[in-house]
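What follows is a single structure, written as structure tokens, with notes after it.
Values in this text are rule-based calculations from the coordinates and carry no lab data. All figures in this text were calculated on a predicted structure; none of them were measured in a lab. We place every Cβ from the backbone using ideal geometry, glycine too, and count neighbours over all the protein chains shown.
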Amino acid sequence: MRRKGYVRFTVTAQTCGFASLTIIRYGLAALLCTLSAGAWARGVSPYLPLNLEPEIERKIERVLELADKPVMTRPIPAAAVLDALPRACAIDPVLCGQVRNFLARYEHNAGTSYASAELSASHGPSEVLPNEHGLESGSHYDVDAAVYWQPFDHALESIRQSVIG
């Protein structure tokens, strides 16, 4: 029994069409992603270089362990280390100060992450050295550097260059 002026409207895949439902589904997903405050709150986080000095790498791992955030993947996000510092500072303030000094280089808009140069001399036939990314024993120098630029909070550009000769 229908009342006068009452119109029943149901939405089905046949009335909207598959393409329209897909657009609606992706639109809702995009809306939910943009509404999440955590995704936009901090911006991008630079990653610490993979080939850190062993001393500072051990200190960073210790800070993360003190904060109950063990290192599970590499590279390590700098934001994860910054988040771990308050808990680690309560236990070991000296270690905390050393790691803060190291992380200070990543708090600028542009800079050099690291730079290194190696010189070598060799004799005899040239052969590829193990675990050196194609470096041959006849190579006389190896220069490696990485720079970054962060124009605003949600964009980060990083360039790494290695020259072997």
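Below is a table of values for the structure above.
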| item | result |
| --- | --- |
| Label-point separation in nm, Glu118 to Trp149, each point 7 Å along Cα→Cβ | 3.0 |
| Estimated D of the range 109-165 in µm² per second, where Rh is the Kirkwood radius over Cα pairs and Stokes-Einstein applies at 37 °C, 0.692 mPa s | 248 |
| Distant-in-sequence amide H partners of Glu136 (H built 1.01 Å from N, under 5 Å) | Leu129 |
| Per-residue ³J(HN,Hα) for the range 157-165, Karplus 6.51 cos²θ - 1.76 cosθ + 1.60, θ = phi - 60°, Hz, x for Gly and Pro | 10, 10, 10, 10, 9, 10, 10, 10, x |
| Cut-off under 5 Å, modelled amide H: who pairs with Tyr47 long-range | Ala78 |
| Computed FRET value (nearest 0.05) for Asn101 with Ser126, which takes r as the C-beta separation and R₀ as 41 Å | 0.50 |
| Total formal charge among the other residues, if their Cβ is under 12 angstrom from that of Lys59, Lys/Arg +1 and Asp/Glu -1 | -3 |
| The range 82-165: GluC sites (Glu not before Pro) falling in loop per DSSP and having at most 13 other Cβ within 10 Å | Glu107, Glu127, Glu132 |
| Two-site label geometry, Ala29 and Arg74: point separation in nm, points 7 Å out along Cα→Cβ | 3.3 |
| J(HN,Hα) series, the range 50-55, from Karplus relation 6.51 cos²θ - 1.76 cosθ + 1.60, nearest Hz, glycine and proline x | 6, 9, 6, 4, x, 5 |
